[in-house]
Amino acid sequence: PRLSPTKVDRSLHDALCAVKRALESASVVPGGGCVESALSIYLENFATTLGSREQLAIAEFAEALLVIPKQLAVNAARDATDIVAKLRANHNAAQTDSAKAELRRYGLDCVSGKIQNNLTAGIIEPALSKVKMIQFATEAAITVLRIDDMIKLAPEEQGQPGM
């Protein structure tokens, strides 16, 4: 398949913008679903310390974060269930066993399909972009929930005349 000059220009522009964002951000984080997997495990563990309904909301939010590594695995034509299970096991070990702390940088390499230390492999994302992505997704979920609550709170119309 031939690439048109427009596609090449767009790809080059996207790559340069990604480098620019990484340089503008003061720090980077490992990519490949690493951050989402680690945050999911952390939130699941935190949720178990709560004795209220908030526990369920936090646990569901933790589960929702795994959409990113699942989709990365699907896009890489890999078994998403297996990949996410390995990522979760690595990040749980990293958070509970200080001897396995290096596993906290592990994510999916979409080219090879392996779980690896993505920081040393150079698979990185600007930290600022990652924070903003999680903030925007959270705000979108809250908005949907608020709209759903408004719909549920609207009084149902009583029997209308002529029916």
Exercise. Cβ-Cβ below 9 Å, separation at least six or inter-chain, first residue in the stretch 141-153 and modelled with pLDDT of 70 or more and open to solvent by less than 100 Å² (accessible area, probe 1.4 Å), second part of a helix (DSSP H, G or I) and of a type in the set (V, I, T): which pairs?
Worked result: none
Seminar exercise, completed: Filtering the stretch 1-59 down to residues that are under 20 Å from I134 (Cα atoms), in a loop (DSSP other than H, G, I, E, B) and open to solvent by less than 100 Å² (accessible area, probe 1.4 Å) yields S25, S27, G31, G32, G33
Problem set entry | Residues of the stretch 82-128 satisfying the condition of being aliphatic (A, V, I, L, M), open to solvent by 50 Å² or more (accessible area, probe 1.4 Å) and free of Cβ contacts under 8 Å to residues at least 24 places away in the same chain | A85, A89, A99, A121
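The values are calculated or read from the model by the stated rules, or taken from the named source; none is laboratory data. This is a predicted model, so every value here is computed, not measured. Note that we place each Cβ from the backbone using ideal geometry, even for glycine, and neighbour counts take in every protein chain shown. Just the protein is used for accessible areas: all its heavy atoms, side chains included, with ligands, DNA and RNA removed. Shrake-Rupley method; radii C 1.70, N 1.55, O 1.52, S 1.80 Å.
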